[in-house]
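The values are calculated or read from the model by the stated rules, or taken from the named source; none is laboratory data. Predicted model only: the values in this text are computed from it and were never measured. FYI the Cβ positions are ideal-geometry reconstructions off the backbone, even for glycines, and counts take in every protein chain you see.
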Amino acid sequence: MYLYDCILPFVGMLMLVVCVLVGVAFMTLLERKVLGYIQIRKGPNKVGFAGIPQPFCEAIKLFTKEQTYPILSNYLPYYFSPVFSLFLSLIVWVVVPYLIGFYSFNLGLLFFLCCTSLGVYTVMIAGWSSNSNYALLGGLRAVAQTISYEVSLALILLSFVFLIGGFCLFDFVKFQGMVWFLWLTTPLSLSWFASCLAETNRTPFDFAEGESELVSGFNVEYSSGGFALIFLAEYASILFMSMLFCVIFLGSDIYSVSFFVKLTFISFVFIWVRGTLPRFRYDKLMYLAWKSFLPMSLNYLFLFIGLSVFILSILF
C-alpha cells in the first residue's frame with residue numbers, strides 16, 4: 001500500500017508533464033497559425049496534414065543540432081539555467097485542482113508565488129552567465145519587470161484569499177458555482193491578465209527579448225537545446241497562467257469540457273495580443289505597474305478585507 005501511494009503520484013506527475021509538453025507543442029502551432037492569419041498569410045502547412053507535426057519536427061531539429069557556447073561564458077550557470085527554468089515551469093503545475101487528492105494542498109497559491117519568484121533567478125543567471133552585454137541588459141530588464149508585476153499579482157491573489165478565506169484552488173471552483181468572479185471583479189481580471197503578459201515576457205511587454213534593440217535579449221547566446229528549453233519554459237508558463245485565469249476568474253471545474261474551451265480561448269488571447277499590439281516603452285511599463293495596477297489592487301484588497309471583517313462581525 002505504501003509503495004502504491006509513492007508510485008501513483010509519480011506516475012501522475014509524469015503524465016501531467018507529458019501532457020503539458022504536448023500542449024506546449026500544439027500551442028506553438030496555434031500561435032504560428034493565428035499570427036499567419038492576422039498577417040494575411042498561411043501559417044505552417046507543409047509538414048504532414050495541415051502542418052500539424054511541425055512543432056515535433058522543430059523540437060527534433062533543435063535538440064539534435066550542435067550545442068555551442070561562448071568561450072568566455074560561465075559554463076555551468078549558462079548550461080543549467082534553461083534546465084531549471086523549464087523545471088520551475090513544470091513543477092508549478094502540481095497546484096492544478098484535481099479532485100482525486102493528487103498533489104492537492106491547501107497552500108497552492110503560495111506555492112505558485114514561490115515558483116514564479118524563483119523564475120526571476122533563471123532569467124537573470126542566463127543573462128549574466130552568457131557574458132554578453134545584450135544578454136545582461138535583457139536579464140536586468142526582465143528582473144525589474146518581473147519583480148514589479150509580481151507585486152500586483154501577489155496583491156490580487158491576496159484580495160481573493162481574503163474573499164474566499166483560503167489559499168486552495170479548490171475554493172475558487174466551489175465559490176463560483178453561481179457567478180464568475182470575472183463579473184464581480186472585472187478591473188482585477190484585466191490587470192491580472194496584463195500582469196500575466198508582463199510576467200511571461202509576452203508582447204507588448206517583451207523587453208527581455210526586445211529584438212529591435214537587444215538582438216534577442218537574455219537568450220541571445222543560446223542555441224539548439226538551450227534555446228529550446230527556454231522556449232518550452234516560456235510557453236509552459238503561458239499555459240499555466242491561462243489555466244490559473246480560468247480557475248480564478250472563470251469558475252472552471254477541471255473535469256468539464258468547458259474548462260479546456262476557456263483555457264484554449266485565454267491562450268488564444270495571449271497570441272491575439274501579440275499579433276495586434278506594438279511593444280510598450282519601458283518607462284510606461286513601470287508606470288503602469290506602480291501607478292495604475294498597484295493602487296487598484298490595494299483598493300480591492302482593503303475592500304475585501306473590510307467585507308470579510310464585516311461578514312465575520314455579523315456572524316459572530
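S224 fulfils the conditions (1) in contact with a helix residue (DSSP H, G or I) (Cβ under 6 Å, 6 or more places away or on another chain); (2) small (G, A, S); (3) closer than 20 Å to T186 by Cα except for a single criterion, (3).
In the range 183-191 there is no residue matching the filter, namely being surrounded by 20 or more Cβ atoms within 10 Å (Cβ to Cβ), in a helix (DSSP H, G or I) and among the aromatic types (F, W, Y).
The selection criterion, being more than 26 Å from Y134 (Cα to Cα) and over 12 Å from the mean Cα position of the chain (by Cα), holds for L250.
For a quick check of your reading of the model, give me the residue pairs whose first member lies in the range 26-49 and is closer than 23 Å to F265 by Cβ and in contact (Cβ under 8 Å) with a residue 24 or more places away in the chain, whose second is hydroxyl-bearing (S, T, Y) and outside any helix (DSSP H, G or I), with beta-carbon atoms closer than 6 Å and at least 6 apart or on different chains. The qualifying pairs do not exist here. Taking the range 133-187 as the range and being of a type in the set (S, T, N, Q) and in contact (Cβ under 8 Å) with a residue 40 or more places away in the chain as the test, the residues that pass are Q145, T146, S148, S152, S159, Q176, T185. When I60, I71, I91 are screened for being closer than 26 Å to G139 by Cα and either in a loop (DSSP other than H, G, I, E, B) or free of Cβ contacts under 8 Å to residues at least 12 places away in the same chain (or both), only I71 passes.
The condition of being surrounded by fewer than 16 Cβ atoms within 10 Å (Cβ to Cβ), at pLDDT 75 or above and more than 21 Å from C19 (Cβ to Cβ) holds for only one of L72, L107, that being L107. The test for being over 20 Å from the mean Cα position of the chain (by Cα) and either buried (at least 19 other Cβ atoms within 10 Å of the Cβ) or over 30 Å from W180 (Cβ atoms) (or both) does not hold for L158. Quick one: in the range 264-282, which of the residues that are more than 30 Å from S252 (Cα to Cα) and surrounded by fewer than 14 Cβ atoms within 10 Å (Cβ to Cβ) is modelled with the lowest pLDDT? Across the range 264-282, the extreme among qualifying residues is R281. Of the residues L250, L285, L239, the single one that is crowded, with 19+ Cβ neighbours inside 10 Å, touching a helix residue (DSSP H, G or I) at 6+ places or on another chain (Cβ under 9 Å) and within 24 Å of L86 (Cα to Cα) is L239. May I ask you to verify whether F205 is at pLDDT below 85, in a helix (DSSP H, G or I) and buried (at least 23 other Cβ atoms within 10 Å of the Cβ)? It is false that F205 is at pLDDT below 85, in a helix (DSSP H, G or I) and buried (at least 23 other Cβ atoms within 10 Å of the Cβ). Scanning the range 43-57 for residues that are touching a Gly at 6+ places or on another chain (Cβ under 7 Å) and either at pLDDT 85 or above or among the small types (G, A, S) (or both) yields a count of 2.
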